[in-house]
Amino acid sequence: MMKCFRYKLDHDYGFAPNPFWGVMTLATCKAQLRHNKHLELGDWIAGFGSVGMNNLNCLIYAMKVEQILTFDEYWDNPKYECKRPVLTGTLCQMYGDNVYHTVDGKVIQEHCAHSLDSGVPNMGHYDTDVSGENVLLSKHFYYFGDHAPMIPKDLDFILPWRNVQFHDLDDEQIEKFVSWLESNYTVGIHGDPCNWKEFKLPKLDIYDDGIE
């Protein structure tokens, strides 16, 4: 039985999830989702807006889980070196989420968006992130960010009302949501992370709004 894990985001910097370099990854935050015993390949994850971000009932992203890796498998794979953070680089590089790996038997946190400004690990983020254990990956994803569409009324069953829901939908409902998504939008990035507006970036019309 296919499942769709859903939750609300209270911020969106392109870190969790990270939609860049051709693959969406969820490697930090949402520990109860990343190590959920019910999560399987082929399940969907959908993140929605919130009152705090002024985009309630809008879809920030959706991803079909295609791969589940450990932190070390993620860190050691040359394909994902591009996801390691470069804090002096572009915003895409600054918010790289490939930040945890094992050294001498201990999981360490690289200097990243979840560490302190000095580079010292932020233990609050560390404990939550590491308890999630897994990194979720997908090339079959839809990331809308600041172009997040409002969920149609006939799909309002998909909207989460508490933190990380998944057991309340049947196959028909999930298939209806996925059909709406796949028939109206192309796979990939459709907008900047919602909170990038803080950086006062120039306006660029470079995103695909959907299928022509």
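Summary table below
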item: Hz values of 3J(HN,Hα) by residue in segment 130-139 - Karplus curve (6.51, -1.76, 1.60), Gly and Pro given as x; result: 5, 5, x, 6, 10, 10, 9, 10, 7, 9
item: Unit charges at the beta carbon, dipole of the chain: most positive-side option, 102, 46, 1; result: 102
item: Rounded to the nearest 20 debye, dipole of segment 87-212 from Cβ charges on Lys, Arg, Asp, Glu; result: 420
item: Most fluctuating residue given options 39, 69, 137, as computed from a GNM of the chain linking Cα atoms under 10 Å; result: 69
item: Whole-percent carbon and sulfur share, accessible surface of the chain, 1.4 Å; result: 52
item: For segment 136-181: rounded, prolate or oblate by the Cα gyration tensor [a/c cutoff 1.5]; result: rounded
item: Gyration tensor (alpha-carbon) shape descriptor, segment 1-96, a/c threshold 1.5; result: oblate
item: Candidates 102, 70, 25, ranked by Gaussian network fluctuation over the chain, Cα under 10 Å, top entry; result: 102
item: Of 81, 66, 110, the one that fluctuates the most in a GNM where the chain has Cα springs shorter than 10 Å; result: 81
item: On Cα atoms only, tilt of 171-184 relative to the major axis of the chain in degrees; result: 90
item: With DNA, RNA and ligands ignored, accessible area of residue 72 (1.4 Å probe; Å², nearest 10); result: 50
item: Student exercise, the chain dipole from Lys, Arg, Asp, Glu Cβ charges, in Debye to nearest 20; result: 300
item: Pairs from 64/153; 30/64; 139/197; 83/197; 79/197; 3/83 whose Cα-Cα separation, in the structure shown, is over 19 Å; result: 64/153; 139/197; 83/197; 79/197; 3/83
item: Largest to smallest accessible area among 21, 161, 44 [probe 1.4 Å]; result: 161, 21, 44
item: Segment 1-21-segment 122-160 distance, computed between alpha-carbon centres (Å); result: 2
item: Heavy-atom surface of segment 73-212, accessible at 1.4 Å and reported per residue (Å²); result: 57
item: The chain - mean residue ellipticity at 222 nm from DSSP helices (-39,500 (n - 2.57) per run, n ≥ 4, rounded to 500); result: -4500 deg cm²/dmol
item: Amide H within-cut-off set for residue 60, under 5 Å, with H built and near neighbours excluded; result: 47, 48, 49
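The values are calculated or read from the model by the stated rules, or taken from the named source; none is laboratory data. Computed from a predicted model, the values in this text were never measured in an experiment. Cβ sites come from the backbone with ideal geometry, for glycine too, and all protein chains shown count toward neighbours. What goes into the accessible areas is simple: the full protein's heavy atoms, side chains included, and nothing from ligands, DNA or RNA. Shrake-Rupley method; radii C 1.70, N 1.55, O 1.52, S 1.80 Å.
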